[in-house]
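The values are calculated or read from the model by the stated rules, or taken from the named source; none is laboratory data. Small disclaimer: the values here were computed from a predicted structure and weren't measured. Note: ideal-geometry Cβ built from the backbone for every residue, glycine included; neighbour counts use all protein chains shown.
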Amino acid sequence: MNSKPIFRNPDKVQVLPWRDWMRVNCPTPGQGLVVEDLDLVVLRYGPLEGRPRDADGKFLFMEVKCKGASVGYAQQRVFGLIDRLLKKADPNGAFYIGYFVLHWFDDYVAIGGKRMSLPEFKTWLLQVNREPVAA
């Protein structure tokens, strides 16, 4: 028996067949299973990090929200857990920069409440590093 998924919102999020299948056939969040997708994994390496081309680079995760959308509770929990674990695994930020929510508008973006033009965003993306941990 195949019924429509409970969490359909095709006007906001593309409904992908594999995601649709999981939401119809797997346990719901109330039953203990959350299925989320991450929008971007960005990797800087080589000359951008002052490392040889074949050396490991630095990466960050980015969730993109449009039209004023916000990160839902499940995404906060899932990506918050991943972020905390990766920061513990790489305490000095040698490889993992962090998790960021990017609010995309037609002619600017905002990250952490900071509004940036698209050229400023490009500069930010090429230079962002993890904030140092207080000693």
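Just a few scattered comments:
- Within region 29-58, the set of residues being assigned to a helix (DSSP H, G or I) and either of a type in the set (A, V, I, L, M, F, W, C) or surrounded by 12 or more Cβ atoms within 10 Å (Cβ to Cβ) (or both) comprises PRO29, GLY46, LEU48, GLU49.
- Among the residues making up region 83-102, a single one is basic (Lys, Arg) and either exposed (fewer than 11 other Cβ atoms within 10 Å of the Cβ) or more than 18 Å from the chain's Cα centre (by Cα) (or both): LYS88.
A quick yes/no check of all residues on (1) loosely packed, with under 11 Cβ neighbours inside 10 Å; (2) in contact with a Phe, Trp or Tyr (Cβ under 7 Å, 6 or more places away or on another chain); (3) of a type outside the set (A, V, I, L, M, F, W, C):
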| site | (1), (2), (3) |
| --- | --- |
| ARG77 | no, no, yes |
| TRP104 | no, no, no |
| ILE111 | no, yes, no |
| LYS122 | no, no, yes |
| LEU126 | yes, no, no |
| ARG130 | no, no, yes |
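- Taking (1) of a type in the set (Phe, Trp, Tyr); (2) farther than 24 Å from VAL128 by Cβ; (3) surrounded by 11 or more Cβ atoms within 10 Å (Cβ to Cβ) in turn, PHE61 satisfies each apart from (2).
- For LYS122: the one exception among (1) modelled with pLDDT of 90 or more; (2) part of a loop (DSSP other than H, G, I, E, B); (3) among the charged types (D, E, K, R): (2)
- Output for region 76-106, where each listed residue is farther than 28 Å from PRO119 by Cβ and either in contact (Cβ under 8 Å) with a residue 60 or more places away in the chain or part of a helix (DSSP H, G or I) (or both): GLN76, ARG77, VAL78, GLY80, LEU81, ILE82, ARG84, LEU85, LEU86, LYS87, LYS88, ALA89
- Meets criteria (in contact with a Leu (Cβ under 6 Å, 6 or more places away or on another chain) and farther than 30 Å from GLY32 by Cα) for ILE97: no
- Of the residues making up region 107-116, not a single one is outside any loop (DSSP other than H, G, I, E, B) and within 30 Å of GLY32 (Cα to Cα).
- Flag if ASP107 is under 22 Å from GLN127 (Cα atoms), at pLDDT below 95 and in contact with an Asp or Glu (Cβ under 7 Å, 6 or more places away or on another chain): no
- Condition met for PRO29 (touching a residue at least 24 places away in the same chain (Cβ under 8 Å) and over 19 Å from the mean Cα position of the chain (by Cα)): yes
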